[in-house]
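Have a look at the structure below before the remarks.
The values are calculated or read from the model by the stated rules, or taken from the named source; none is laboratory data. Given the structure is predicted, the values throughout are model-derived calculations rather than measurements. Cβ coordinates were reconstructed from backbone atoms using ideal geometry, including for glycine residues, and neighbour counts include every protein chain displayed. These accessible areas exclude ligands, DNA and RNA; they are computed on the full protein's heavy atoms, side chains included. Shrake-Rupley method; radii C 1.70, N 1.55, O 1.52, S 1.80 Å.
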Amino acid sequence: MNAIKRVLVMTAVAAERDALLRGLRGDSRFEVALAGVGPAAAAANTAALLAAAPYDLVVSAGIAGGFAGQAAVGELVVASDIVAADLGAETAEGFSSVDELGFGSARVTVDGPLARRLADALSQAGLPVRSGSVLTVSTVTGTAESAARLAARVPNAAAEAMEGFGVATAAALHGLPALEIRAVSNAVGPRDRSSWKIREALELLEAAGPILVEVLG
Ligand SMILES: O=C(O)c1cccc(C(=O)CC[C@H]2O[C@@H](n3cnc4c(=O)[nH]cnc43)[C@H](O)[C@@H]2O)c1
């Protein structure tokens with residue numbers, strides 16, 4: 001594996017960025033920048049930063065929804081792959097992904113060995129961590145029916161967020177490996193924003209910071 005000298009970490013919002021910055025404790029090999037919310041903003045902002053400076057690895061990070069039975073509120077998820085779960089077409093037979101339609105791919109692979117090392121190190125540090133597909137959606141799932149549909153579409157789905165596919169696509173276009181790490185703040189399903197454990201998820205993200213330095217830095 002090539003040495004990782006510079007890591008670009010993209011978060012959707014400032015609260016996520018600040019949590020990671022606290023956890024990374026000023027390590028100069030990491031830059032943490034704002035992606036904006038959603039895959040389009042994330043791809044555009046990541047691509048702009050990658051065009052301006054050299055990096056060896058790109059990480060999408062933040063809070064996320066967790067799929068029932070896969071990732072609970074208060075757990076971390078390290079993506080085994082990143083799937084744009086709503087990129088495709090509705091047909092009379094159901095959803096067809098862009099892969100099935102022949103228009104490209106809705107899946108970006110992560111750096112598998114690095115993702116596994118990160119998950120192992122987080123676990124050894126005593127942090128609750130799962131591995132699985134992290135879905136990128138443009139609309140936060142808000143019903144049990146939609147959650148079940150997504151879980152059936154991507155059987156290994158552990159979490160859903162809104163930026164990973166954009167961040168990882170920009171990284172891939174620059175020939176760079178990508179990772180995604182999420183702290184689960186809410187369950188994927190019926191919308192109840194008041195129940196989101198955002199503060200706890202941000203604390204978990206911060207706690208993951210020193211492990212990111214240990215494994216990636
Ligand atoms: O209100 C706050 O204090 C606050 C602090 C940090 C983050 C937020 C967000 O709303 C972040 C939005 C961001 O979170 C991801 N996310 C979280 N849960 C889900 C979900 O169930 N489905 C999809 N995305 C989710 C997503 O990446 C958003 O961009 C607020």
Candidates Ala157, Ala207, Ala125, Ala187 - the one that is within 11 Å of the ligand (Cβ to nearest atom), closer than 19 Å to Gly74 by Cα and either touching an Asp or Glu at 6+ places or on another chain (Cβ under 8 Å) or not polar (S, T, N, Q) (or both):
Ala187
Can you tell me which residues in region 170-182 are open to solvent by less than 30 Å² (accessible area, probe 1.4 Å) and more than 9 Å from the ligand (Cβ to nearest atom)?
Ala170, Ala171, Ala178, Leu179, Glu180, Ile181
Please name all residue pairs, on different chains or six or more residues apart, with Cβ atoms under 7 Å, provided the first residue is in region 161-172 and is closer than 19 Å to Val140 by Cβ and the second residue is open to solvent by less than 10 Å² (accessible area, probe 1.4 Å) and in a helix (DSSP H, G or I).
Glu163/Ala42; Gly166/Ala42; Gly166/Thr46; Val167/Ala42; Val167/Thr46
So which pairs qualify, if the first residue must be in region 193-214 and open to solvent by 40 Å² or more (accessible area, probe 1.4 Å), the second must be hydroxyl-bearing (Ser, Thr, Tyr) and within 11 Å of the ligand (Cβ to nearest atom), the Cβ gap must be under 8 Å, and the two must be at least 6 apart or on different chains?
Trp196/Ser185; Lys197/Ser185; Ile198/Ser185; Glu200/Ser185
Hey, does region 210-217 have a residue that's closer than 25 Å to Arg22 by Cβ, in a loop (DSSP other than H, G, I, E, B) and away from the ligand (no atom under 12 Å from the Cβ)?
yes
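I need a count of the residues in region 1-33 that are more than 16 Å from the ligand (Cβ to nearest atom) and under 19 Å from Leu114 (Cβ atoms).
13
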Looking for whichever is of a type outside the set (D, E, K, R), surrounded by fewer than 17 Cβ atoms within 10 Å (Cβ to Cβ) and within 15 Å of Ala68 (Cα to Cα) here; the options are Ala147, Ala152. Which one fits?
Ala152
Test of understanding: among Leu76, Leu87, Leu114, Leu135, which residue is in contact (Cβ under 8 Å) with a residue 24 or more places away in the chain and either acidic (Asp, Glu) or away from the ligand (no atom under 16 Å from the Cβ) (or both)?
Leu114
State all residues of region 34-72 that are more than 13 Å from the ligand (Cβ to nearest atom) and open to solvent by less than 10 Å² (accessible area, probe 1.4 Å); if no residue qualifies, say none.
Thr46, Leu57, Val58, Val59
